[in-house]
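**Q** Submitted below is the structure of interest, expressed as structure tokens.
The values are calculated or read from the model by the stated rules, or taken from the named source; none is laboratory data. Just so you know, these numbers come straight off a predicted model, no measurement behind them. Neighbour counts run over all protein chains shown; Cβ positions are idealised from the backbone, glycine included.
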Amino acid sequence: MTQSGPHDSRTEATRLLCAGVYLDADFRRRVIEELVEHEERPIAPSLGIDVVPVLAHALRARGQEVLTALLLLALWVAFFAVDLTTGTGGVLGVPGMWAAMYAVVCLGAWGARAAAGRGTAVYVVDKSTLRQALKGSGGLKRLLPVAPPVLMIGYWLLAVVVLFQGGDDWTAVLFPLLLVLPVWLHRSRVAAVMRMELGREAFLHRPRAVPAGRYRRIGASIDREQYAGLTIYDPFRPFIGMGRPYEPWSFALELKRKGLAKTDDDEPFTGRTVVELIRPRLEALRDSAAETSRDRLKDLEVEEFVYLPVGPQRPAVRYDEPTVQAHLRESVDEGGEARRHFLRVRVGAWDEQIVVSVLVRVHTQGGMLVLEVVPHVLTPISPEFRAVDVIAARGEEDILRDGARALLTGPAAGFAAAVSAVRTGITLFRTWLADPRRAVPDGPAGSVRELAGVRSVSLFQEMDISRYVKTVQDRIASGVRDALRSKGYETDQFEQQIVQVSEGGVFIGSMSGGAVATGSGAQAKHATGGVGG
């Protein structure tokens, strides 16, 4: 059996996800929510990634932002205290006015950045250009990129003018500069992680990151589940972790003998018979691709997989090899509604940016052959996460330039750190209150890989997806056809259905009344009664 495994901890997709938790606060929050706040949920299957280091980096990034927030809080307390006791309040003469004015500047900068979709993490790589920010006719959208710099420039002009006119409002200049230091320190720490741990070369040779302390237990559970041959699922949330469905299809075929044809042996015709004839064809496809080209089909993975309904508590579910093999043997021919057996075929392309999974379920009962083929596609990871390479390439000599960036982004980053700290406190309290280890058992509700995916693919990627799916489906069809022939069953109807499916049409074995329409803009009408009716 070919399975994903530890090598996925070094994939490009894993590296980008690890970087993403530092650059996208919302992504990090959802990762922690799914893996930590809902510890009662087993993890979804990991396709081409290793979730353990992603969680480890997410927890570390959260901790760094909380530390930054605490340093900023201390400076803000000092700012207000000193301004209230020694400041003159600027032009309004109100004690504490300088601190209040700068707080408004920080709030406005953070709000504009969040509303413009440029992220709410402390370390943010700009996601939109000025041209993108100005799209649309709304006045607010046009003001978003302009208002924060105007507020900041206005504040500094006023502070400098008042100071040089002989005022003693030195706090108006000193403390905003001091508030930049924690942001600068945070940016330096993140840049060091990007350079020393998440750079392309460094990531391949660094030890695998794992959660520390009390989160080590969750990391061990993920390790036990993410590459296992079975997964727990909720009936209302099937196929979590596989991506979006891609033209699924199925059919039921009555098994009819060819006249007096006899089979080569006395063994019954079962789902296992079909599966054992499909697997060699898929493996041959992989081997031929490896010999003749660099096509990603050469890395095609084939494994049997079992979905189990939610049942016992998460720690009570057994993932050891004998238990998994027992489920595979027992479920392949039972055709039940709860436990479901699939042959899973996976192709990871574009550095695991595109993952095509074709799930095949076969069962033969009551003189019928039922074949279900459910392709799924994981779309590319958010391109903003590739900023890790830009940050890593800057090197240590970029400290002064990064200090200038910290000065410009400090107001928004400081408020973002405060928001992150508040959210972290709420999350910790909510997790403690819910006690997820003892919560009602549940199936996965989200997948780390799916959370980071974009909605669209390029035309080249779409062409590759279509090719992979059609190629795999052709091998599946040939395996089923040969299985039918080897047991002396008719294959004409099966071949007709396969042709219809492969050409994107609709096959209807028999129909009484009704109407059918296919294609874009097609219409169908059904009339009853006579010609004049």
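**Q** Six or more apart or on different chains, Cβ atoms under 6 Å: show the pairs whose first residue is in the range 309-324 and under 12 Å from Asp442 (Cβ atoms) and whose second is surrounded by 15 or more Cβ atoms within 10 Å (Cβ to Cβ) and among the aliphatic types (A, V, I, L, M).
**A** Val310/Ile232
One line per residue, one yes/no per condition, for (1) part of a helix (DSSP H, G or I); (2) in the same structural domain as Glu352 (by TED's automatic domain parsing); (3) of a type in the set (D, E, K, R):
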| site | (1), (2), (3) |
| --- | --- |
| Asp287 | yes, yes, yes |
| Arg294 | no, yes, yes |
| Val306 | no, yes, no |
| Gly311 | no, yes, no |
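**Q** Another one. Quick one: count up the residues across the range 461-487 that are more than 17 Å from Glu247 (Cβ to Cβ), in a helix (DSSP H, G or I) and either charged (D, E, K, R) or not assigned by TED's automatic domain parsing to the domain that holds Glu254 (or both). Let's see the steps before the verdict.
**A** Of all residues in the range 461-487, those more than 17 Å from Glu247 (Cβ to Cβ) come to 478-487.
Now drop any that are not in a helix (DSSP H, G or I), which leaves 478-486.
Pick out the ones that are also either charged (D, E, K, R) or not assigned by TED's automatic domain parsing to the domain that holds Glu254 (or both) and you get 481-482, 485.
So the answer is 3.
**Q** Search the range 94-119 for residues being farther than 17 Å from Val77 by Cα and surrounded by fewer than 17 Cβ atoms within 10 Å (Cβ to Cβ), and hand back the single one that is modelled with the highest pLDDT.
**A** Gly111
**Q** Can I ask one more? Residue by residue through the range 39-71, note down the ones that are over 30 Å from Ala412 (Cα atoms) and over 12 Å from the mean Cα position of the chain (by Cα).
**A** Hits for the range 39-71 are Glu39, Glu40, Arg41, Pro42, Ile43, Val52.
**Q** Mind telling me which of the residues Phe251, Phe236 ends up being without any contact (Cβ under 8 Å) to a residue 40 or more places away in the chain and not assigned by TED's automatic domain parsing to the domain that holds Arg15?
**A** Numbers: Phe251 fails: without any contact (Cβ under 8 Å) to a residue 40 or more places away in the chain.
Sole residue among the options that is without any contact (Cβ under 8 Å) to a residue 40 or more places away in the chain and not assigned by TED's automatic domain parsing to the domain that holds Arg15: Phe236.
**Q** Could I ask something else about it? Here is a list: Ala452, Ala445, Ala434, Ala392. Which entry is more than 21 Å from the chain's Cα centre (by Cα) and closer than 30 Å to Glu39 by Cβ? Quick ask: steps written out before the conclusion?
**A** Details: Ala452 fails: more than 21 Å from the chain's Cα centre (by Cα); Ala445 fails: more than 21 Å from the chain's Cα centre (by Cα); Ala392 fails: closer than 30 Å to Glu39 by Cβ.
Every option except Ala434 fails the conditions.
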